[in-house]
Every structure is written in structure tokens, then in C-alpha cells.
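Structure record follows, encoded as C-alpha cells.
The values are calculated or read from the model by the stated rules, or taken from the named source; none is laboratory data. None of the values given here were measured: they were computed from a predicted structure. Don't worry about glycine lacking a Cβ; one is built from the backbone with ideal geometry, like all the others, and counts go over all protein chains shown. The area values use the complete protein model at the heavy-atom level, side chains included, leaving out ligands, DNA and RNA. Shrake-Rupley method; radii C 1.70, N 1.55, O 1.52, S 1.80 Å.
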Amino acid sequence: MQHSEQAPSPLALLETMMLIRAYEEALVGIAAGGNAPGTCTSVGQEAAAAGVVRALTPRDRILTNHRSAGHLLARGADPGRMIAEVLGKRTGYCKGKSGSLHISAAELGAVLTSTIVGGELSLAPGVALARTMTPGDDGIVATFFGDGAACEGVFHESLNLAVVWKLPILYVCENNEWQAFVHRRETMPMVHVRDWAAAHGLVAETVDGNDAEAVHAAAARLAARIRATGEPAFLETLTYRTRGHYEPDDQFYVDPAELAAWQARDPIELLANRLRADGRLDDARLAQIRARVAAVIDEAVAFANASPYPETAELFTDVYA
Amino acid sequence: MPVITVNDAISQAIAEEMRRDPSVLMFGEGVATKRRELVAEFGAARVRNTPLAEGIIAGTAVGAAASGLRPIVDLLFAPFLCFAMDEIVNSAGKLRYMSGGQFKFPMVVLAMSGAGWTVGAQHNHNVEAWFVHSPGLKVVMPSSAADFKGLLKAAIRDDNPVLFFMDLALGYQSGEVPAGEHLVPLGRAATLREGRDVTLVSYAKTVHYCVAAAETLAGQGISAEVIDLRSLKPLDEAAILASARRTGRVVVVHEASRLCGVGAEVAALVAEHAFDALQAPVRRLTGPDTPAPSSWPLEQAFVPQADAIVAAARELVGARAYA
Ligand SMILES: Cc1ncc(C[n+]2csc(CCOP(=O)(O)OP(=O)(O)O)c2C)c(N)n1
């Protein structure tokens, strides 16, 4: 998948989200068979990944977390190598040593994934610092995290350092209302993480996190601002985790009315309906995209299944440089 | 050869490496304030003060190291490392492996350690073994001014995260230090004194107590070999085993407490691989399993001293040497 500095077409955003959805639904199936331990999906949150990542340039870096499939796929990751990684296969992005929770792909500028909640926030300033010290490099760093991570101390340390050192970081908080099995309202005095970011002196915005076009526009605007000023900015996508924390999770603790309200605002449906309403999409085109995405995922699963496991000797490699 | 203090040896190493390699930079609480000569020579971008936030200092070093820089961070006193454990242990130590070798982390974490300032347990705690137990890290703890310089320069050039512990009591001790290029490889112990009857294995300030003990023992007819480990990870297992085989008796001495300390590893190593050469059990002389006290006599009592080392060595050598 291409990422360019031009705005992606709404159809490209739609297809990216549909690819993420299809990938994660395939993983849900694999996890149900007991083969993808720890899988965390971002079903319902695809607009944040598609909108933000497609607003970045190839020179930019992204840091992601345990819910990373969308960010990686939007960046152009090969779903076959991702599933291979989840299955612990040698052909995975990390030779099977990561598994699903911390896939990094340096070749895509997706670096240093941490599943320690807040880990990516601790690492982002250093990646951004290196960019500022490389002459001619105008790349910025986008780092993705949840509202739960914002409750970690290092969130505040990271934002503060980024402000006082003027580091080019786009902080992207996907506020999906859940912090594993605890609702955001139990852990924070306010509704929006933006307020904390603003208090640290960042330009901080919220956006409808289920509207891919709105997310894209906000991310593109903030990215341009970061490039122009060198200062960090903060974007909070207001969204909802419509599947469980991980697979399987029957969500017994979720208020059905709240879940239903968000499901009615599914980001893929939302964009598809909008495009349909003004004639940019019809059923035939949608079916075409769906078939293309399904074929990609089928092929990815087949590739991963056919891939070999690493040799036992791999246990001892890559410890030291 | 010039005689300089340990603190000056450290400064020399940092300045030389920053001069040699523009990707080396240093930051921490008060670094730019205290190291004005570095700011003057290398500029504010490469020598920085930070907010009081050890987690983000260490995390920033990790992110920068993976992105082509070679950061040195000063986290001041070893107990403050507790605020940076995730960044050092989970990120610096593991992300190379977890990424299948996609990243490397050339970075040095400086921390002061040990008794000497009578300021109590939240500034004085020898935590080096925690990091020896963590994969992907290297751990260094020198005893002489020359090794401080040579090991620090090697640590800065190493492509892996290195915890560089500075025994607080040694900062103003002087020694001969080669000017300019002087590198001491990580993972290599130094035999400070050769002997036949007993091996004294140590690192940091207690190395000096071992040397003093060896002199006393020599006067009593006991020939003690003194090994300064210098690096705790990688550990120079070959040097330890060769000496144990030569003398048949080993005393391990360190200030850190005994349980699961480096001494336990040395003792186990010798028991596993040189058991047949041993003429007596391996002895450990260590700090006690208590927080470090503030009061001067208590702080001194915390640290194994030369007379205790002499007594332990004599006990192992037994009546034969008394004759
Ligand atoms: C330091 C740490 N504490 C706890 C966990 C377990 N855990 C994994 S994800 C998660 C919830 C994180 O919530 P949030 O940051 O909002 O992200 P989300 O899962 O909603 O995307 C928790 C508690 C962890 N991985 N790391």
C-alpha cells in the first residue's frame, strides 16, 4: 500500500479500514483455535489507524503498542509476515520472537513497539531527538497509545520532555473508553485525555475517532504544524473498543447500551454510507473491495501457515549486537 | 604516566569519545550544569540537562540509541535506577531480541553506587546484580582510575546497553591513567596480584581491600592471588576458573548483599567447573541483607573490610600456612 503526502482518497481510507477489519477477524478465528495467544484487536478503532498513518510521510516514524495491527497495516505492512509473526514463524517481521504484542518493522519506520503500557511513550522522545540531530531530516514521530497509558507516570514525563526539548512528536491517544477491564470513567477525573496534554503545554485536539476523514484531516493539520514548528502536538481520537480486551473476552463487564451505541457508529459503515450517499461508492464497488481484501488475507494466512518455525538455535541469537 | 582521579578519568573518557564520534551525546539531571566544559566544546544539543524524571531520561536514551545516536545518561545514584527499570530492562535489554535483531542499543547508563557518603539506603544500594540477571545488558564496575577510563571508553563504543556503576568511594582516588587512547575490553578480568594459595575475587572498592589483605597475608606466608572482575556481565569465567584451579581456594568479596549476588554466581561457577581442584569450600564475604545505614561506623561495618578478608583466607588455607 502506498503512503504519499497527498491526501488519500476516501476510498483508500475505506479499503485500509476494511483490510484491518478482515485481518483482525481472521486473527480472531485463529485465536479461537488457540493459536494466537494474547491477540488484542482494534475492531471499531480502525479510523484512527487509517486516518493518522495515511497522513504521515515515508520519512516519519511510528511507535505503536499492543493493539498495533491497524497501525502496521495502514503503514503498508505485509499481512502474511504479520500473521507469521503471531504464529511464531521464522518469516514473521521479528523472526517469531515477538508474537502478536510487539511487532516492529524497521523497514516501514514502525520502530520499538512495546507492550508495556506506556513503553512507546518512554521511547518516542529519543527517536524524535535523533531526528532533530540529523541534518536535513524533517521526519516526525507519531506514537499511538490508549487512555490507560495516559494514566502511567511516563505519559506525563514524555509529554513534558517533548515540550521542553521541542521534539517533533505527534501523540495519538486512542481513547476507546477501556483500560483492559476497567472503564475510563473509573480512572480519570475528566472525559478527555486532551486536558492533561493541554496542561503540559501541547497543542491538543480531540476528533471523532470513528470518522476516518476527520481523523485524517486533523492528523494532517497537526503533522504539518509539527513539521513547521518542531513542537509536539496531541491528537485524541474518541472511539470505542467494540471487541474485548483480548481474545477471547465475552465482555460481561460492558454496558450493552453503550456498546450498541458505538456499534451503530462503526467507522467502516460510517464512511461507506457517506460515500454511498453522495454517489462515490456503489454496492458493486464495495463488493469488489471486499473481495480484494479477503483475497489478500486468505493469501496471508496461507503464507503464515506454510511458513516454518525458527530453528532452536534462534533462541540464542539477537541478544547482543 | 599522568596520575589523575577517577572522576577526572571519567570526564576524560567522555570528552575523548564525544570528540571522536559526533553521535555521542550526554544528558541527565544537572549534566549540562556540572559539565560546563563539555557544553563549551560540544554544544548544548549534545550535552543536556533534563527534567527530574529518570524513566523518560532512560527511555529517551533507548529510543535515541535505536535511532543512530550513542547516548550516555547520568542517573546519579543507583537507587534512582528503580524509576528507570522498565526502560532499561524491558526496552534496552529486550527490544533487540524481541524485534528479531532489527535494532541495536549503544548506550551507557552511569550510576553511583556504594558506601562512602553516609547518606543512607536510598542513595547507597549496590544493585548491580539486578542487571546482571537481566538479559541483553552489560554491567561494568571498575576499581582503578585507569580502568574507569578504559572501560568507559569501551562501553561508549559498545553497540549494547551498558550499566556503568561508579563506586562512590573511589571518585577522588588517584591512579596512573594513560593519556589519550586507552581501551579496556568489557568482559575481561584483571589479575592484580599473582598467588599460589588462595584467590581473592572482587570488584569495585573491595578490590582495594583484597589487595591490602593480600599484602598482610604475604607477611604471614600466604600467597594470595587478587582478581578484579571489572565487568560483571559478561563475566570473565575463564579467568576465575583458571585462578581457582591454580590456588584451589576462593574467597569472593563484594559490598552488595549476599543472596543472589555476583558472589553466588562466582561460587556456583567454581563449584560446577573446578570442584575437583578445590581444597576448601568457596567463601563469600559480602554486605549484609539490610538496607545500608547512614551512621559512619555502621556504614563501614556494612562493607567487608581487609581484616575479614585476611581471616577468611587464613581459615581456608588452614593450619598449614601458620607454620
Ligand atoms: C505496565 C503494564 N501494565 C499492565 C499491562 C496489562 N495491560 C495490557 S493492555 C492494558 C490496557 C491498556 O489500556 P489502554 O492504554 O487504554 O489501551 P487499550 O488496551 O485500550 O488500547 C493493560 C492493563 C501491561 N501490558 N503493561
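Please work out if A:Thr229 is open to solvent by 20 Å² or more (accessible area, probe 1.4 Å), away from the ligand (no atom under 16 Å from the Cβ) and not small (Gly, Ala, Ser). So A:Thr229 fits the description; yes. Restricting the stretch A:125-159 to residues that are within 19 Å of A:Ala223 (Cα to Cα) and assigned to a strand (DSSP E or B) leaves a set whose member that is farthest from the ligand (Cβ to nearest atom) is A:Val141. Would you say B:Gly187 is modelled with pLDDT of 95 or more, outside any strand (DSSP E or B), in contact with a Ser or Thr (Cβ under 8 Å, 6 or more places away or on another chain) and within 19 Å of B:Thr286 (Cβ to Cβ)? No, not satisfied.
Scanning the stretch A:248-265 for residues that are under 20 Å from A:Glu174 (Cα atoms), buried (at least 18 other Cβ atoms within 10 Å of the Cβ) and touching a Cys at 6+ places or on another chain (Cβ under 6 Å) turns up nothing. For the stretch B:34-82, the tally of residues that are assigned to a strand (DSSP E or B) and of a type outside the set (D, E, K, R) stands at 8.
For the stretch A:91-110, the tally of residues that are farther than 15 Å from A:Ala300 by Cα, within 8 Å of another protein chain (Cβ to nearest Cβ) and in contact with a helix residue (DSSP H, G or I) (Cβ under 6 Å, 6 or more places away or on another chain) stands at 4.
Being in a loop (DSSP other than H, G, I, E, B), within 9 Å of another protein chain (Cβ to nearest Cβ) and of a type in the set (A, V, I, L, M), is that true of even one residue in the stretch B:103-120? Don't jump to the end; show me each part of the working.
Of the stretch B:103-120, the ones in a loop (DSSP other than H, G, I, E, B) are B:103-106, B:114-120.
Filter once more, so that each one left must be within 9 Å of another protein chain (Cβ to nearest Cβ): B:103-106.
From what is left, the residues that are of a type in the set (A, V, I, L, M) are none.
The answer is no; no qualifying residue exists.
Within the stretch A:133-148, can you find the residues that are open to solvent by 10 Å² or more (accessible area, probe 1.4 Å) and in contact with a helix residue (DSSP H, G or I) (Cβ under 7 Å, 6 or more places away or on another chain)? Spell out the reasoning first.
Filtering the stretch A:133-148 down to residues open to solvent by 10 Å² or more (accessible area, probe 1.4 Å) leaves A:133-138, A:146, A:148.
Hits for the stretch A:133-148 are A:Asp137, A:Asp138.
The single condition among (1) of a type in the set (Val, Ile, Thr); (2) under 19 Å from the mean Cα position of the chain (by Cα); (3) over 18 Å from B:Ala61 (Cβ atoms) that A:Val163 does not meet is (2).
Given the residues B:Met85, B:Met18, B:Met1, which is the only one that is modelled with pLDDT under 95 and either out of contact with any Leu (no Cβ under 7 Å at 6 or more places or on another chain) or not in a strand (DSSP E or B) (or both)?
On the way: B:Met85 fails: modelled with pLDDT under 95; B:Met18 fails: modelled with pLDDT under 95.
Matching residue, one of B:Met85, B:Met18, B:Met1: B:Met1.
Within this structure, B:Ser91 passes the test of being within 14 Å of chain A (Cβ to nearest Cβ), open to solvent by less than 10 Å² (accessible area, probe 1.4 Å) and polar (S, T, N, Q). Where helices (runs of 4 or more DSSP H) fall entirely within the stretch A:23-86, those with at least 1 residues that are more than 30 Å from A:Thr132 (Cα to Cα) and in contact (Cβ under 8 Å) with a residue 12 or more places away in the chain are at A:46-53, A:79-86.
Determine which member of the set B:Val262, B:Val310 is in the same structural domain as B:Tyr203 (by TED's automatic domain parsing) and within 17 Å of B:Ala238 (Cα to Cα). Break it down stepwise before answering.
Working: B:Val310 fails: within 17 Å of B:Ala238 (Cα to Cα).
Residue meeting the stated conditions: B:Val262.
In the stretch A:100-124, of all residues being hydroxyl-bearing (Ser, Thr, Tyr) and more than 10 Å from the ligand (Cβ to nearest atom), the one that is surrounded by the most Cβ atoms within 10 Å (Cβ to Cβ) corresponds to A:Ser122.
Quick one: would you say A:Ile140 is facing chain B (nearest Cβ under 10 Å) and at pLDDT 95 or above?
Spelling it out, it is not the case that A:Ile140 is facing chain B (nearest Cβ under 10 Å) and at pLDDT 95 or above.
Selection of the stretch A:180-193 for residues being buried (at least 20 other Cβ atoms within 10 Å of the Cβ) and near the ligand (Cβ under 8 Å from one of its atoms) yields only A:Arg184. Summed over the stretch B:211-236, the residues that are open to solvent by less than 20 Å² (accessible area, probe 1.4 Å) and not in a loop (DSSP other than H, G, I, E, B) give a count of 10. Residue check: A:Gly88 meets all listed conditions (1) more than 8 Å from chain B (Cβ to nearest Cβ); (2) within 16 Å of the ligand (Cβ to nearest atom) but one, namely (2).
Restricting attention to the stretch A:266-299 and to residues that are open to solvent by less than 80 Å² (accessible area, probe 1.4 Å) and not in a helix (DSSP H, G or I), the residue that is farthest from A:Asn176 (Cα to Cα) turns out to be A:Gly279.
Looking at B:Val73, B:Val31, B:Val62, which is the one that is within 7 Å of another protein chain (Cβ to nearest Cβ), open to solvent by less than 20 Å² (accessible area, probe 1.4 Å), in contact with a Ser or Thr (Cβ under 9 Å, 6 or more places away or on another chain) and under 21 Å from A:Asn160 (Cα atoms)?
On the way: B:Val73 fails: within 7 Å of another protein chain (Cβ to nearest Cβ); B:Val31 fails: within 7 Å of another protein chain (Cβ to nearest Cβ).
Going through B:Val73, B:Val31, B:Val62 in turn, just one is within 7 Å of another protein chain (Cβ to nearest Cβ), open to solvent by less than 20 Å² (accessible area, probe 1.4 Å), in contact with a Ser or Thr (Cβ under 9 Å, 6 or more places away or on another chain) and under 21 Å from A:Asn160 (Cα atoms): B:Val62.
Within the stretch A:300-320, being within 9 Å of another protein chain (Cβ to nearest Cβ) and open to solvent by 60 Å² or more (accessible area, probe 1.4 Å) holds for one residue alone: A:Tyr320.
Candidates B:Glu255, B:Glu315, B:Glu272, B:Glu265: the one that is buried (at least 19 other Cβ atoms within 10 Å of the Cβ) and assigned to a helix (DSSP H, G or I) is B:Glu265.
Being in contact with a helix residue (DSSP H, G or I) (Cβ under 6 Å, 6 or more places away or on another chain), free of Cβ contacts under 8 Å to residues at least 60 places away in the same chain and among the small types (Gly, Ala, Ser) holds for only one residue in B:Ser99, B:Ser143, B:Ser134, B:Ser113, and it is B:Ser134. On inspection, A:Ala233 does not qualify as hydrophobic (A, V, I, L, M, F, W, C) and within 24 Å of A:Ile83 (Cα to Cα).
Take A:Ala162 and tell me if it is under 15 Å from A:Ala204 (Cβ atoms), more than 16 Å from the ligand (Cβ to nearest atom) and part of a helix (DSSP H, G or I). Yes.
The rows are residues; the columns are (1) free of Cβ contacts under 8 Å to residues at least 24 places away in the same chain; (2) within 14 Å of chain B (Cβ to nearest Cβ); (3) among the hydrophobic types (A, V, I, L, M, F, W, C).
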site	(1), (2), (3)
A:Val154	no, yes, yes
A:Val163	no, yes, yes
A:Glu213	no, no, no
A:Leu222	no, no, yes
A:Ile226	no, no, yes
A:Pro232	no, yes, no
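Out of (1) outside any helix (DSSP H, G or I); (2) within 16 Å of the ligand (Cβ to nearest atom), the odd one out for A:Glu205 is which? Single failed check for A:Glu205: (2). Got at least one residue in the stretch A:60-71 being crowded, with 24+ Cβ neighbours inside 10 Å, at pLDDT 95 or above, more than 16 Å from the ligand (Cβ to nearest atom) and within 14 Å of chain B (Cβ to nearest Cβ)? So far as the stretch A:60-71 goes, yes, one or more of its residues are crowded, with 24+ Cβ neighbours inside 10 Å, at pLDDT 95 or above, more than 16 Å from the ligand (Cβ to nearest atom) and within 14 Å of chain B (Cβ to nearest Cβ).
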